[in-house]
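The values are calculated or read from the model by the stated rules, or taken from the named source; none is laboratory data. Remember, predicted model here, so these are calculated numbers, not experimental data. Ideal geometry is used to build each Cβ from the backbone, glycine not excepted, and the neighbour counts take in all protein chains shown.
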Amino acid sequence: MAGIEGPGIRDALPAADFARLVELRKKVAAADLLPAAPDVDPASKGNADLMPAYLRYDGNMYRYIPRDAWESRVAGVEVAIVSALYGLVLSREPIRAYGFSMADNGPRVAALYHWWRENGLPALLASTIQSLRVERVVDLLSLEYRKAVDGYRQGLKAPVKAIDFPGLGRASQPRRGMAVAEVLLGKR
């Protein structure tokens, strides 16, 4: 995997915010959503099942982002991914596989998007944007993922352009993927 790993959310957040995010990740992992509670603490590097997020995720949106778009991205472009297990990850950050989304419920967790929002994910995303000194945000989040971070825009200095695909519902995912590729290549 040499050469494909990159900065992680640990590099993008103040230490106290990162510690809070890790605490929240552990709570989700322990909520009986997975067969075994995963090790979601990025400080433990012993997990051989890790791979960069942009390679790990393989849903409908991600299938429409060519690998060369990720690997040929314009300098200074990063993708922050809102994640049902991790809360936030940067695209080159190594993560483990998991099989649930923000729309899912667990035995002790209401809809994950609601849980993450109520536990501070919007503030953590805002902190990431501010810490990285982002000049422009392109928001391509789908419904549940946008609900998870609802409110992150408050107080941001960087302009936010939300791109939606009205009327398409889940069929919007390929278009979202193509739009991510355009952002990576500086075309959007």
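Observations on the model:
- Out of Ala110, Ala123, Ala148, Ala69, sole residue that is at pLDDT below 95 and of a type in the set (Gly, Ala, Ser): Ala110
- Members of region 142-162 found to be surrounded by 14 or more Cβ atoms within 10 Å (Cβ to Cβ) and β-branched (Val, Ile, Thr), listed by number: Val149
- Only residues that are assigned to a loop (DSSP other than H, G, I, E, B) and among the aliphatic types (A, V, I, L, M) were counted in region 166-175, giving 1.
- Selection status of Gly87, surrounded by fewer than 16 Cβ atoms within 10 Å (Cβ to Cβ), in contact with a helix residue (DSSP H, G or I) (Cβ under 7 Å, 6 or more places away or on another chain) and at pLDDT 90 or above: no
- Every pair of residues 6+ apart whose Cβ atoms lie under 6 Å, when the first sits in region 13-29 and is assigned to a helix (DSSP H, G or I) while the second is among the aromatic types (Phe, Trp, Tyr): Arg25/Tyr86
- Subset of region 43-64 [in a loop (DSSP other than H, G, I, E, B), modelled with pLDDT of 90 or more and touching a Lys or Arg at 6+ places or on another chain (Cβ under 9 Å)]: Tyr64
- Condition check for Tyr62: in contact with a Phe, Trp or Tyr (Cβ under 9 Å, 6 or more places away or on another chain), aromatic (Phe, Trp, Tyr) and closer than 24 Å to Asp17 by Cα: no
- Filtered residues of region 50-83 (kept if hydrophobic (A, V, I, L, M, F, W, C) and in contact with a Gly (Cβ under 8 Å, 6 or more places away or on another chain)): Met61, Ile65, Val74, Val77
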